[in-house]
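The values are calculated or read from the model by the stated rules, or taken from the named source; none is laboratory data. Since the structure is predicted, the reported quantities are computational estimates derived from the model, not experimental observations. Here the Cβ positions follow ideal geometry from the backbone for every residue, glycine too, while neighbour counts run over all protein chains shown.
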Amino acid sequence: MSPVLRLLAKRLVTSMIVLIGVSMLIFSIARVIPGDPARIALGPNATAEQVENLRERLHLNEPLPVQYGHFVADLARGDLGISLYTNRPVTRDIAQFLPATLELIFVAGLMMIVIGLPLGALSARYRHTWADNTIRMVSLLGVSAPAFVWAVILMLLFAYFLPIFPIAGRIANMHVVPSITGFLLVDTLVAGNLRAFGSAVSHIVLPAFALALSGIGQAARLTRSNMVETYDRPYIEMAQAYGFPERRIARRYAFRPSMIPSMTIIGLDFAAMLGNAFLVEAVFAWPGLSRYGVAAILRKDLNAIVGTVLCISALFLIVNIIVDLITAYINPRIRHSQRA
């Protein structure tokens, strides 16, 4: 077995164990939260008989291990139960809301890579200059404020004072786009509707940038720190002594080794945004999974809570596996260590 496949197999086994532990933990926590989910779902006007019938349907009167056994049996069939909030299957709700969150996070992650890494490389190349000081100050500012604060600031600047971008939803109401993948940026291009594509882009810019600002700052600061350390290595001095172009030294010999910690941080930030996006989605009225999960928690919607957390956990683990594979591809020492 090749080293990369061996690494992938290890990560998959570890991820399955983590998912089982997460399912047991979140299932137990959801059951011990104060409040009767049957009463909350049916409202204060429901009779005691109606509440008891719903409790029987949800197996709430049975011991916790038995409830978890029913959950695992349903999960093996791909059934996460019925949401008490939307009165629809949880799998259908996740399929509806997840693409919006994934699209938002993907664009935010792309911004972190496209903006954060070049800024860090530029800061390291021109270290101790005004450009370096400016980038470091902007990066620190981006890291110091949470995403929802930037969401409000960006909304005030570019939607109120300078009405350039819209502030709510994923696309203008005038555009009707057939749902093919659930990702509006893809569906509008597949449909050949460039105006709808432009509307989708304008709607996603502000929330994605607000969500990405902290990651951009972290990526820039970490890339700069690693590249400054790499510039002091003997092989960089040798390359400079041989007269290699400075741009080639920065791109090939200094930037690539410095990408590994930065890509790890970007991967962790990308995965963490799955759970942290709810405030940005709330500010911009973005119909995503994080916002749906918060609504499920407030209404103690047991099936929706467990389904949402499991979905976010699985995506988190998948992103970590992808980051590990990318890191193994960039750094040959990891591949050799797996072979050993």
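Assorted remarks:
- Residue match in the range 248-258 (condition: modelled with pLDDT of 85 or more and either β-branched (Val, Ile, Thr) or closer than 17 Å to Phe148 by Cβ (or both)): no
- The set of residues in the range 284-304 being within 22 Å of Ile105 (Cα to Cα) and crowded, with 24+ Cβ neighbours inside 10 Å consists of Phe284, Trp286, Gly288, Leu289, Ser290, Tyr292, Gly293, Ala296, Ala304.
- The residues of the range 159-180 that are in contact with a Leu (Cβ under 6 Å, 6 or more places away or on another chain) and hydrophobic (A, V, I, L, M, F, W, C), listed by number, are Phe165, Ile171.
- When Ala219, Ala208 are checked against the criterion of being crowded, with 21+ Cβ neighbours inside 10 Å, at pLDDT below 90 and under 24 Å from Leu140 (Cα atoms), Ala219 stands alone in meeting it.
- Options Phe97, Phe158: the member that is in a helix (DSSP H, G or I) and within 21 Å of the chain's Cα centre (by Cα): Phe97
- Qualifying residue in the range 222-242 (condition: buried (at least 21 other Cβ atoms within 10 Å of the Cβ) and either charged (D, E, K, R) or in contact with a His (Cβ under 6 Å, 6 or more places away or on another chain) (or both)): yes
- When residues of the range 116-172 are limited to those that are of a type in the set (D, E, K, R) and buried (at least 18 other Cβ atoms within 10 Å of the Cβ), the one modelled with the lowest pLDDT: Arg125
- Residue match in the range 272-279 (condition: surrounded by 20 or more Cβ atoms within 10 Å (Cβ to Cβ) and polar (S, T, N, Q)): no
- Filtering the range 265-314 to residues that are on the phi > 0 side of the Ramachandran plot and either touching a strand residue (DSSP E or B) at 6+ places or on another chain (Cβ under 7 Å) or aliphatic (A, V, I, L, M) (or both) leaves only Ala285.
- Residue check for Gly182: part of a loop (DSSP other than H, G, I, E, B), free of Cβ contacts under 8 Å to residues at least 40 places away in the same chain, on the phi > 0 side of the Ramachandran plot and surrounded by fewer than 22 Cβ atoms within 10 Å (Cβ to Cβ): no
- For Val177, the criteria (1) part of a loop (DSSP other than H, G, I, E, B); (2) among the hydrophobic types (A, V, I, L, M, F, W, C); (3) within 15 Å of Leu110 (Cβ to Cβ) hold in every case but one, which is (3).
- Selection within the range 52-78 - more than 14 Å from Cys311 (Cβ to Cβ) and part of a loop (DSSP other than H, G, I, E, B): Leu58, His59, Leu60, Asn61, Glu62, Pro63, Arg77
Residue by residue, here is whether (1) surrounded by 13 or more Cβ atoms within 10 Å (Cβ to Cβ); (2) of a type outside the set (Asp, Glu); (3) closer than 22 Å to Tyr85 by Cβ; (4) in contact (Cβ under 8 Å) with a residue 12 or more places away in the chain holds:
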| position | (1), (2), (3), (4) |
| --- | --- |
| Leu7 | yes, yes, no, yes |
| Met16 | no, yes, no, no |
| Ala30 | yes, yes, yes, yes |
| Asp36 | yes, no, yes, yes |
| Arg39 | yes, yes, yes, yes |
| Ala46 | yes, yes, yes, no |
| Glu49 | no, no, no, no |
